[in-house]
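Down below is the structure, laid out as structure tokens.
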Amino acid sequence: MKPGTFITFEGIDGCGKTTQIQLARTFLEKQGNQVITTLEPGGTDIGIQIRKILLNQKNQSLVQESEMLLYLADRIQHLKEVILPALEKGNLVLCDRFHDSTLAYQGFGRGLDLKLIRSIEEKAITPHAPFLTFLLDIEPKLALKRTEEKYAQRNQQDRLEQESIDFFERIKRGYQQLAEASPDRFVCLDGSKSKEHIHQQIIKTLETRLSERKSF
Ligand code: TMP
């Protein structure tokens, strides 16, 4: 087992995970942990360049398989450059999205074969699966309302945010299936609840799961 602890936050766009990561970081640091927060796509310099390609709304011709491979390329770069070295040093790594996003978005959302995605992930990514994953589950309509406020600030939607409600419904159901298949790793939270309520649930889980891990 690596000395550090890898924790991921997942959910559809607008589910509130980015806010919860910041709150969790503050809490964990106050407890004396060394914490790093990072994200996908875009957790490295190369990843930032990949993120630009992926989210640029002009790239409508990007084919599904290329999109999937770009997310995986970003992930492998991120693992080797940021996540694994931080875990080796004993840090707690909080990551905004990881491989469940690819299964949910490219697999369930786009309809790419899950077996194909998993076969590519098998060697370089699957062995580094997170210890714990928080899934913020929310109705796409509510999430869309929240992201619309974000678009208003930056004046445009990105390539993924432009997708239909049906796309996000499929992703939401996909995440539920992924969570059901790995009940020990996933903690599902109601993303429609208040920021503070969700944060308290996250704290409770972290306290229990991290103390169990230390006592191994
Ligand atoms: P973000 O807005 O949460 O930073 O994520 C950027 C977008 O990329 C978001 O719409 C989800 C999408 N995405 C995928 O489609 N597949 C993936 O593997 C990842 C990591 C993100």
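Every read-out reported here was derived from the displayed coordinates using simple, explicitly stated rules and does not represent laboratory data. Nothing here was measured: the structure is a model prediction, and the numbers come from that model. For neighbour counting, all protein chains shown are included, and Cβ atoms are generated from backbone atoms with ideal geometry for every residue, glycine included.
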Legend entry - For the stretch 54-153: rounded, prolate or oblate by the Cα gyration tensor [a/c cutoff 1.5]: oblate
Inset, instruction - Go ahead and estimate [θ] at 222 nm for the chain from helices alone: -39,500 (n - 2.57) per DSSP H run with n ≥ 4, summed, over the residue count, rounded to 500. - result: -16000 deg cm²/dmol
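How do Cys15, Cys95 line up, fewest other C-beta atoms within 10 Å first? If you can, show how the numbers build up before the last one.
Working: Cys15 28, Cys95 25.
Ranked by crowding around the Cβ, least crowded first: Cys95, Cys15.
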Inset, instruction - Choose one of Pro85, Gly191, Gly109: the residue whose Cα lies farthest towards the positive end of the charge dipole of the chain (beta-carbon charges +1 Lys, Arg; -1 Asp, Glu; about the Cα centre). - result: Pro85
Inset, instruction - Would you work out the charge dipole size for the stretch 77-125 about its Cα centre, treating the Cβ of every Lys and Arg as +1 and the Cβ of every Asp and Glu as -1, and quote it to the nearest 20 debye? - result: 80
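Quick one: which of Lys30/Lys150; Lys30/Lys214; Lys58/Lys115; Lys80/Lys145; Lys89/Lys115; Lys17/Lys204 span more than 27 angstrom between C-alpha atoms? It would help to have the intermediate numbers written out before the result.
Working: Lys30/Lys150 30 Å; Lys30/Lys214 18 Å; Lys58/Lys115 29 Å; Lys80/Lys145 36 Å; Lys89/Lys115 33 Å; Lys17/Lys204 17 Å.
Flagged as over cut-off: Lys30/Lys150; Lys58/Lys115; Lys80/Lys145; Lys89/Lys115.
Grab the beta carbon distance between Ile48 and Arg185, set R0 = 41 Å, and tell me the FRET efficiency rounded to 0.05. Provide the component values of the computation, followed by the final result.
Numbers: r = 28 Å, r/R0 = 0.68.
FRET efficiency, Ile48 to Arg185: 0.90.
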Legend entry - Spacing of the two label points (7 Å from each Cα toward its C-beta) at Lys30 and Lys193, in nm: 1.8
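With +1 on the Cβ of every Lys and Arg and -1 on the Cβ of every Asp and Glu, and nothing else charged, how large is the dipole of the stretch 113-206 about its Cα centre, in debye rounded to the nearest 20? Intermediate results must be reported in sequence, preceding the final value.
Values: 16 positive and 16 negative charges, 33 e Å.
Computed charge dipole of the stretch 113-206: roughly 160 debye.
Which value, in debye to the nearest 20, gives the size of the charge dipole of the chain about its Cα centre, when Lys and Arg are +1 and Asp and Glu are -1 at the Cβ? Each step should come with its number before you reach the end.
Working: 31 positive and 30 negative charges, 74 e Å.
Value, rounded to 20: 360 debye.
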Legend entry - Cα centroid separation, the stretch 170-216 to the stretch 37-99 (Å): 22
Inset, instruction - Take the Cα of Lys145, step 7 Å along the line toward its Cβ, and report every residue of the stretch 3-45 whose backbone nitrogen sits under 20 Å from that point. - result: 11-20
Inset, instruction - Whole Å is fine, so just give me how far the alpha carbon centre of the stretch 1-29 lies from that of the stretch 126-157. - result: 13
Legend entry - Positive-end residue, the chain charge dipole about Cα centroid, Cβ charges, pick of Leu132, Ile21, Gln31: Gln31
